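Notes to accompany the following structure.
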C-alpha cells in the first residue's frame with residue numbers, strides 16, 4: 001500500500017502533495033456480493049479511499065454478542081479495499097448517526113441502563129433530552145461498554161493500518177460530537193457525570209478554577225451559595241444573572257466535558273493498538289468549529305475536519321445559491337481553527353429525501369468549489385446507497401440516499417459523472433494544492449455566533465472574499481476586520497480590538513453591545529473606544545443611507561420599545577452612514593487612534609439587494625475596495641504560494657445564464673456564464 005502523511009496545507013501520498021477524495025460506503029448495509037463492484041465504481045469515479053461507518057448497533061444486536069461474520073465481516077471488507085489499492089477512513093463510533101436507530105448505539109444499552117442518558121433539569125427533576133437517544137458521553141457505565149466495543153473493533157482496524165502495509169489512514173472518534181446533545185435538548189447535565197455537590201465533581205472543579213472564591217461567583221451570578229458544592233441545576237434556575245450562568249455552563253461543556261470525552265476515546269483507541277494511526281473527529285457544521293477550539297488546543301494531534309451539507313443551510317433552501325457560502329465559510333473556519341489541512345469528512349453527494357434529487361450541475365459546482373475554497377480532503381456522503389435490516393434504522397428497506405452509486409454496485413446516477421469530471425480536472429492540475437485566496441477582509445471570531453454566520457452570508461452575496469481570524473488565539477494584523485459583538489465578550493478579544501484600532505486597523509463592529517466580559521465584569525469595550533449609545537426615538541428598524549436608499553435591519557435596542565429590531569442611536573459619530581426615521585445616526589464611522597471604526601448595533605444579513613449596497617457603503621467609508629467587483633456572479637482570486645501566479649475563479653451559482661462585466665485590478669472583463677458554470681481565468 002501507499003504511504004499517506006499530512007502537512008499544514010495538504011496531504012502527501014508517497015511524499016507527493018495530493019488532493020484527497022474519499023467516499024462513504026457502509027459495508028453493513030450493502031450485500032457482500034456487491035462490495036467489489038461498488039469499490040470498482042468508486043475507484044473509476046476517481047476516489048482514493050473509502051470512509052466507513054462501523055455501526056455498533058449492527059455488530060452487537062444482543063449484549064455481549066459482537067458479530068463480525070457474513071455481511072458484517074469488517075476484516076474481509078478492509079482486505080478487499082487493500083486489493084483495490086485504496087485507502088480507508090474508519091468511523092467506529094460509538095455514535096455514528098447514519099440514519100440508524102438510536103443514532104447507531106445498541107438500543108438495549110439505554111434500556112438496561114437508563115441512568116446513562118443525557119439529561120437536563122426540567123419541571124422539578126432530571127429528564128432525558130428529547131427523543132431519549134442522547135447518552136451522557138462521560139458516564140462511567142457507558143464508557144465501560146465503549147471500552148468493550150473498542151476492545152473488539154479497534155484490533156480489527158489496527159491489523160490494516162498503513163504501518164502494517166494496510167489501508168487504514170485514520171480512526172474517527174465518535175461522530176459529530178455534541179450534536180446528539182445540542183440538537184435534542186441542550187448541554188448534558190447528567191448528575192453522575194457533572195458531579196454537582198461533589199468537591200471533586202467536574203462542574204464544581206470548573207467553577208472553582210474560574211472563580212476561586214464562592215463570593216466571586218455569587219457577585220457575578222447574583223446568587224447566595226454557601227459553597228461551590230451547593231450549586232446544582234435546580235438552584236441555578238434562580239440565579240439573577242442567567243446570561244453568565246448559561247455562558248459558564250457552555251464554557252464548561254466545550255472546554256472541559258467535550259475535550260475529556262475525546263481524550264478518553266483516544267486513550268481507548270491507543271490502548272487497543274492504534275498507536276500509529278491518525279485519530280480524527282468530524283465537527284457537525286461550520287458554526288460549531290469555534291466551539292472545538294479548546295479541544296484542538298488540548299489534543300493537537302487529533303485531526304479535526306468539518307461536515308458540509310448545502311441542503312442543511314440555515315435558510316432551509318434546497319438550491320445552489322447556498323452552495324458557495326457554506327463551503328467558503330466552513331473552509332475558512334477550518335483554516336483558522338484546525339491544525340491540519342482543511343478537510344470535509346462528510347461532503348454532500350446525496351440527499352436522504354424523495355422530494356429533491358441531486359442536480360448533476362449543482363454537484364459539479366459543489367465539488368469544484370470545495371477545492372477552490374481550499375478543502376484538501378473531500379469525503380462524499382453518501383457515495384453508495386444501502387439496504388437496512390429490520391429494526392436497524394429509522395426507516396426500513398432501501399437506504400436510498402440518492403448517492404452516485406446504487407446499492408447493486410452497477411446503477412449510476414447522473415451526478416456520478418459530474419463528480420468524476422471534477423476529480424479528473426483537479427487531479428490533472430496540482431497547481432491548486434498550493435493556491436490560497438486573496439482576501440478583502442477578515443471576520444474575527446471567538447464563539448459560534450449566529451451573527452458571524454449571517455455576516456459570512458452577507459459578504460458572500462456582496463462578493464467580498466473573507467478569511468477568518470480566531471481572536472482568542474491571535475491578534476489581528478489584517479487591513480480590515482469585521483467583528484460581531486455579543487452579550488458576553490472575552491476580555492482578551494476586547495483588548496485585542498482596542499490595540500488593533502489604535503495601531504491603525506480598520507474595524508467594522510456590529511451586533512449586540514456586550515454586557516459582560518468572560519469573567520462577568522464590565523466589558524468596557526465601548527467606553528475604551530469612545531462610542532456612546534443613546535435610546536432611539538423611533539421604534540422601527542428601517543434605516544436610510546446613500547441619501548435615498550432604505551433597508552430594514554435587525555437591531556438590538558429592543559428593550560427601549562419592546563421590539564427586537566430597533567437599533568441604538570449613536571452620539572457624536574465622525575461620519576453618519578445611516579439614520580433612522582427621526583434622523584438619528586444608527587451606523588457611523590469613528591476615527592480612533594490611528595484607526596477607524598464602522599459601528600452599528602444590528603445583525604449583518606443579506607435578504608435584499610439593499611443589504612449589499614449598505615455593505616459596500618460601509619467598506620467604502622473605510623477605504624476598502626474589493627479586489628473583484630461583480631453584480632450577480634461570484635468571483636475571487638487565488639494565487640500560488642510558491643510561484644505567485646494568480647487565477648480568477650468565476651462562479652455562476654444561479655440556474656440562469658448571466659452576462660456581466662467583472663472588474664479586476666481596474667480591468668473590465670466581459671463574462672458570459674452558463675447556468676451553474678464555474679470557470680478559471682489566468683490574470
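Only the coordinates and a few stated rules stand behind these numbers; no lab work does. Here the structure is a predicted model, which is why all the values come from computation and not from measurement. Cβ sites come from the backbone with ideal geometry, for glycine too, and all protein chains shown count toward neighbours.
The figures follow:
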| item | result |
| --- | --- |
| The stretch 107-214: equivalent-ellipsoid semi-axes (sqrt of 5 x gyration tensor eigenvalues, Cα, Å) | 32, 19, 13 |
| Rg to Rh quotient for the chain, alpha carbon positions, Kirkwood Rh | 0.97 |
| Size of the stretch 571-611 as Cα extents on the principal axes (Å, biggest first) | 35, 23, 14 |
| Label-point separation, residue 164 to residue 549 (7 Å along Cα→Cβ), nm | 6.3 |
| Percent of Cα pairs exceeding the 28 Å cut-off, where the set is the stretch 439-625 | 16 |
| Sequence of 35, 89, 431 once ranked by neighbouring C-beta atoms within 10 Å, starting from the fewest | 431, 35, 89 |
| Relative contact order for the stretch 439-625, counting Cα pairs under 8 Å that sit 6 or more residues apart, in percent | 22 |
| Taking 170, 486, 266 and counting other C-beta atoms within 10 Å, the order from fewest to most | 266, 486, 170 |
| For the stretch 471-574, projected area of the alpha-carbon convex hull averaged over all directions, nm² | 7.6 |
| Cα-based convex hull, the stretch 532-602, per residue volume (Å³, whole number) | 77 |
| Neighbour-count ranking [beta-carbon atoms within 10 angstrom, fewest first] of 96, 264 | 264, 96 |
| Percent of beta bridges antiparallel (DSSP, the chain, rounded to nearest 5) | 55 |
| Cα convex hull volume per residue for the stretch 577-649 (Å³) | 139 |
| At q = 0.27 Å⁻¹, base-10 log of I(q)/I(0) for the stretch 629-682 (Debye sum, equal scatterers on each alpha carbon) | -1.07 |
| Segment residue 127-residue 641, extension gain: residue separation times 0.36 nm, minus the distance between their alpha carbons | 179.7 nm |
| Dimensionless Rg/Rh of the stretch 157-268 - Kirkwood Rh, Rg from C-alpha atoms | 1.14 |
| Per-selection metrics, the stretch 6-83 (Cα): Rg and Dmax in Å | 15.1, 46 |
